[in-house]
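Notes follow the structure.
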Amino acid sequence: MAEPTPATSPDLAVPTTPARTFWQRRVRDPIVAQLTQGITPEKIALTVAIGSCVALFPILGTTTLLCFLVAFLLRLNQPIIQLINQALWPVHVPAIFGCVKLGELIIGTTHVHFNLRHMHELFWKSPAAFFQEFGATALHAIVGWAIVAPVYITAIYFITLPIVRAVTRLKAEAAAKAAALHPEHPIP
């Protein structure tokens with residue numbers, strides 16, 4: 001014998017959440033996800049290591065987009081990787097010269113003399129002539145960067161990880177102490 005289903009009254013109706021708008025689904029939610037992902041100590045250390053390496057990619061004007069793409073694909077924290085990218089701009093040009101020198105050494109080509117003013121003028125006068133004259137130099141820089149990148153990322157990761165873990169532990173201990181002192185106002 002089947003049991004009768006209980007009648008539901010309007011007073012017991014479960015409140016429903018309003019449907020999310022297009023703006024929430026397509027704009028806000030992806031932005032919030034990018035800002036809050038990669039918060040574990042391991043992900044933060046990985047973000048610092050990979051972000052600082054990509055921030056030193058030896059082609060000017062590419063690092064912001066590259067950092068965004070790498071963070072998106074590897075699910076790293078966007079604000080941290082972009083902050084690192086911006087913080088490293090003072091060492092970017094010297095790193096480019098180092099990458100060019102290493103690339104030339106590895107490939108076995110002759111030394112290219114840089115004149116930044118000439119490079120700038122040539123780029124704006126004739127981009128094709130600029131790439132013809134300095135394309136090999138860019139290739140040397142990319143080869144040098146690619147050789148150093150895995151070692152650099154590994155070293156920075158293993159240097160950063162214990163520091164981030166210690167900071168996380170200290171933050172958790174401070175939050176626990178604050179919660180014990182003031183249980184009515186816990187610190188998140």
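Here the residues HIS120, HIS140, ranked from fewest to most Cβ neighbours within 10 Å of their Cβ, fall in the order HIS120, HIS140. In vacuo Debye scattering of the stretch 86-155, one point per C-alpha: log10 I(q)/I(0) at q = 0.12, 0.23, 0.27 Å⁻¹? Calculated log10 I(q)/I(0) at the listed q: -0.36, -1.07, -1.21. Converting phi to 3J(HN,Hα) with the Karplus coefficients 6.51, -1.76 and 1.60 and the offset θ = phi - 60°, the stretch 60-77 yields 4, x, 10, 5, 5, 5, 4, 4, 4, 5, 5, 5, 5, 5, 9, 6, 9, 6 Hz in sequence order, with x at every glycine or proline. Under a model in which nothing but the beta-carbon of Lys, Arg (+1) and Asp, Glu (-1) is charged, the stretch 41-174 shows a dipole of about 320 debye around its Cα centre. For VAL112, no residue whose modelled amide H falls within less than 5 Å of its own remains once neighbours fewer than 5 places apart on the same chain are excluded.
Taking other Cβ atoms within 10 Å as a rough exposure proxy, THR110, THR21, THR160 sort from fewest to most as THR110, THR21, THR160. Sparse packing (at most 14 other Cβ atoms within 10 Å of the Cβ) combined with a DSSP loop state is found for the following chymotrypsin sites (Phe, Trp or Tyr not before Pro) in the stretch 105-188: PHE114.
Here the stretch 64-115 and the stretch 150-175 have alpha carbon centers that stand 23 Å from each other.
Rule-based calculations on the coordinates, nothing more; no lab input. No experiment lies behind these values; they were computed from the predicted model shown. Neighbour counts run over all protein chains shown; Cβ positions are idealised from the backbone, glycine included.
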